Amino acid sequence: SIYEELKELNIKTNKDKLLLMKRFENYYISCVDKQRFQGLTNGFVNNLIIPEIIATLKWITSVENGLQTYNNSFVKLLTILLDLIVHQDIEKDDGFKINDDIKELIYLSFKFSDRQIRFILLIYLPKLLTLFPKKTIDFSNRIFNFFLQGMLDTDKSLRLQTLKTIPYILEEITERQLNNEILRSIAKTQVDPEEEIRTWTILILVKISDRLTGISNRAVSYTHLRAHETTLHL
C-alpha cells in the first residue's frame, strides 16, 4: 500500500508528502531486510524516493520554524536519505548519480547547530567520501569550518565522533587546514577532560602522522606517539 502511495508522490502537496514520508520512515526504520529497497522497480529509489526526500527536507528548512517544528522528521529522513545513498550502486552506467541537490543538502545540513543532525552526518561521512569521487564534494570550502566546530563542542560524543572522522577527510582538505586548523584542534583534545577522547587523539595522530611529517614545522614524531601508545597500554 505504501508503494502505491509513493508512486504518486510527485502529485502530492508538500504537507501530504511529509505525512507520507513519515509513513515511509517508520516502514524503513522497522524493516529488518533493507535489501528489499534495492529490489524495487528500476530507478524507483534513485529517481523518485531520493529526490523527493531531498525536496521534503528542503521544504522543512524553507518554512518558518520548520526545523524546530519538524525536527524529528528531519533527523529521521536525513538518516534514511544517507542510508539509501550509501547503498546505491554508483559504478554502473545506469546506476545512482551524485547531483547538485544532494551536495547542496549536505552543505546545508552541516550548517545546522542541531547535534543529532551533525552526528548523523559524521556517521555517514566516511562512507559518503568513499563513494563520491575525490573533490566531488567541496569539503574544504563548504564543510570544513562547520566540521571543525565539532572538535570544540561541549557534547563529548560529538567531539569524539568528529575526532574519529579526521582520517577520512584528509584527501578533501588543504595542507594548511590539516597542518594548522586540525592540529590546533587536536592540541585541545590532547588535554580533553574525557580519557577516551585523549586516547583517541593519540590514535588519530599516529594514523595521520605520515601526512604531517615533512610538510610542516609542526610535524609529529611518530616514535614519540608510539611511546605514548605503550604508556597508555593501547
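Figures for the structure shown
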{"item": "Of residues in segment 56-79 being of a type outside the set (Phe, Trp, Tyr) and farther than 15 Å from Ile117 by Cα, the one least open to solvent (accessible area, probe 1.4 Å)", "result": "Thr56"}
{"item": "Residue within segment 30-45 that is over 25 Å from Lys12 (Cβ atoms) and either open to solvent by less than 60 Å² (accessible area, probe 1.4 Å) or part of a helix (DSSP H, G or I) (or both) present", "result": "yes"}
{"item": "Lone qualifier among Ile53, Ile2, Ile11 - being of a type in the set (Val, Ile, Thr), open to solvent by less than 30 Å² (accessible area, probe 1.4 Å) and farther than 20 Å from Ile102 by Cβ", "result": "Ile2"}
{"item": "Cβ-Cβ under 8 Å pairs, at least 6 apart or on other chains, segment 119-139 side surrounded by 14 or more Cβ atoms within 10 Å (Cβ to Cβ), far side assigned to a helix (DSSP H, G or I) and small (Gly, Ala, Ser)", "result": "Phe119/Ser157; Leu121/Ser109; Leu122/Gly150"}
{"item": "Residue ID - most open to solvent (accessible area, probe 1.4 Å), chosen from residues in segment 169-195 that are under 16 Å from Lys207 (Cβ atoms) and in a loop (DSSP other than H, G, I, E, B)", "result": "Gln190"}
{"item": "Residue in segment 67-80 that is out of contact with any His (no Cβ under 6 Å at 6 or more places or on another chain), of a type in the set (Gly, Ala, Ser) and not in a helix (DSSP H, G or I) present", "result": "no"}
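Yes or no, residue by residue, for (1) at pLDDT below 95; (2) within 18 Å of Ile54 (Cα to Cα):
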residue	(1), (2)
Phe110	no, yes
Ser113	yes, no
Ile117	no, yes
Ile120	no, yes
Pro126	yes, no
Phe132	yes, yes
Ile137	yes, yes
Ile143	no, no
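The values are calculated or read from the model by the stated rules, or taken from the named source; none is laboratory data. Note that the structure is predicted; figures quoted are calculated from it, not measured. Note that we place each Cβ from the backbone using ideal geometry, even for glycine, and neighbour counts take in every protein chain shown. For the accessible areas, the whole protein counts, side chains as well, though only heavy atoms, and no ligand, DNA or RNA atoms are used. Shrake-Rupley method; radii C 1.70, N 1.55, O 1.52, S 1.80 Å.
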